[in-house]
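Notes for the one structure printed next.
The values are calculated or read from the model by the stated rules, or taken from the named source; none is laboratory data. For clarity, every value in this text was computed on a predicted model and none was experimentally measured. We place every Cβ from the backbone using ideal geometry, glycine too, and count neighbours over all the protein chains shown.
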Amino acid sequence: MEFVRGEAAAVLGHPSKEAVQAQHVFLELGFDSLTAVEFGKRLSRASGLRLPSTLAFDHRTPVEVGRRLQSLLAERGAPGAPAAGAGAGTGSPEPSESQDLIVSLYRRAGELGRLTEGIELVTAAARLRPVFDAASAADHLPEPVQFAQGQDGPALVCLGPYMAPSGVHQYARFAAAFGGRRGIWALSEPGFALGEDLPGDVEALIEAHATAIERSVGHQPVVPVGYSSGGWVGHAVACHLERLGRPVAGIVMLDGFTRRQRMGERFQSAVVEGQSERFEFVSAPGTQLTAMGGYLRIFEDWDAPQAAAPTLVVRAADWMARNDADADDRPAAPEHADTVTEVPGNHYTLMERHAPRGRRGGRRVAGQAPPGGGVTAAGRPPSPPSPPPVHEARNDTSREQPSC
């Protein structure tokens, strides 16, 4: 236990293990994907075990990791157990053959430029997974992770994307950029972890999230924040909270996209490549892909309601295609957005090395209205000022909601 605390403190840059207590949640301490990889490598070298990069996400606290290590070391020391380095126990169960097959076929579809068939594969597999409805949503709540405590404005509630890979760890750097000034929570999407049921429809999903928000944040004003497809989850949750009479200060969509137009093939191919590179940060990529298929199904015919709260889209400025790119391959921003601002990074690096720029979304929408008030063309108070972005455009041309 003391060893695990010391290693966690070291990768976080703390001089002493006292900064990491046994029951601290790694994500709440500031672990992100890169920190988790380094943590796993350090423990692997010291123990002689082959440990996954997802160890800190699969076992949330130092005490849980310590117990896992003790169990694996005991197995290695048992009579007939393989020696270290010879395929000794791993930190998580080996992926099943079906998990590997789903992942490999999906990757193959992307490589062949037949992503539609890959989506059909995971969507078909999702139909065989157990689901829950709105009435039973309280039994399927995502476990909230509190990245930061603070009193500077409404709480940010970050919702995971429904495109794999998905996890609250994707918000670690974004949350860290606020420096502990604002309360920041994150909720994963139900069904993306082993053993979890999928929501049977959008109503079941938003009921689960709304209940989890009430139990964690309470009835204080919130700003739903969603990365990629998570922006539409945030929009759905915000509308549900407004119907319940709960205060929603704004909605932030981090590289959110329109649902009216299909994404270009070049962008889709680059995204699939990026997905493959990031599957190592989730412990069950096959489960995540079938969950993605289930969410694509329930959102396919979803008619997005209109939100009263202002919406800001923080758009990635860089194109995804690396070679021979002669035109902007990025999907258009959602038509209902009140403000669209661009920051450095592409669809993935926006939440990685460029994550501090993305925090402008939370600062802009969740702040106080500027003196003098005023309204947008949609009849709403304008978003409060923030440091000048790379690019900004007011999007008041359409209030019509996406129909697909």
Problem - Lone qualifier among Glu189, Glu196 - being surrounded by fewer than 24 Cβ atoms within 10 Å (Cβ to Cβ), within 23 Å of Gly294 (Cα to Cα) and either of a type in the set (Ser, Thr, Tyr) or out of contact with any strand residue (DSSP E or B) (no Cβ under 6 Å at 6 or more places or on another chain) (or both) - result: Glu196
Problem - Criterion violated by Arg315 - all others in (1) under 22 Å from the mean Cα position of the chain (by Cα); (2) modelled with pLDDT under 90 satisfied - result: (2)
Practice task
For the stretch 203-213, indicate whether the set of residues that are over 17 Å from the mean Cα position of the chain (by Cα), touching a residue at least 60 places away in the same chain (Cβ under 8 Å) and in a loop (DSSP other than H, G, I, E, B) is non-empty.
Solution key: no
Fill in the blank from the handout: Listed by first then second residue, the pairs whose first member lies in the stretch 18-35 and is on the phi > 0 side of the Ramachandran plot, whose partner is surrounded by 14 or more Cβ atoms within 10 Å (Cβ to Cβ) and outside any loop (DSSP other than H, G, I, E, B), with beta carbons under 7 Å and at least 6 positions apart or on separate chains, are Gly30/Ala172; Gly30/Ala176
Practice task
Please go through the stretch 115-153 and pick out each residue that is at pLDDT below 95, among the small types (Gly, Ala, Ser) and not assigned by TED's automatic domain parsing to the domain that holds Glu265.
Solution key: Gly118
Practice task
Would you tally the residues in the stretch 202-243 being out of contact with any Cys (no Cβ under 6 Å at 6 or more places or on another chain), buried (at least 18 other Cβ atoms within 10 Å of the Cβ) and not small (Gly, Ala, Ser)?
Solution key: 18
Exercise for the section: Determine which member of the set Leu43, Leu51, Leu55, Leu27 is among the hydrophobic types (A, V, I, L, M, F, W, C), under 24 Å from Glu277 (Cβ atoms), modelled with pLDDT under 80 and not assigned by TED's automatic domain parsing to the domain that holds Phe178. Expected result: Leu27
Completion exercise
When Gly226 is run through (1) in a strand (DSSP E or B); (2) farther than 21 Å from Ala148 by Cβ, the failure sits at (2)
Problem - Meets criteria (under 18 Å from the mean Cα position of the chain (by Cα), farther than 29 Å from Asp318 by Cβ and in contact (Cβ under 8 Å) with a residue 40 or more places away in the chain) for Ala193 - result: yes
Exercise for the section: Considering only the stretch 1-54, state which residues are in a helix (DSSP H, G or I) and among the β-branched types (Val, Ile, Thr). Expected result: Val4, Val11, Thr35, Val37
Handout entry: Cβ pairs under 9 Å, 6+ apart, first in the stretch 235-256 and under 10 Å from Ala210 (Cα atoms) and in the same structural domain as Leu312 (by TED's automatic domain parsing), second buried (at least 22 other Cβ atoms within 10 Å of the Cβ) and of a type in the set (Asp, Glu)
Key = His240/Glu207
Exercise for the section: State whether one or more residues within the stretch 273-289 are within 16 Å of the chain's Cα centre (by Cα), on the phi < 0 side of the Ramachandran plot, part of a loop (DSSP other than H, G, I, E, B) and aliphatic (A, V, I, L, M). Expected result: yes
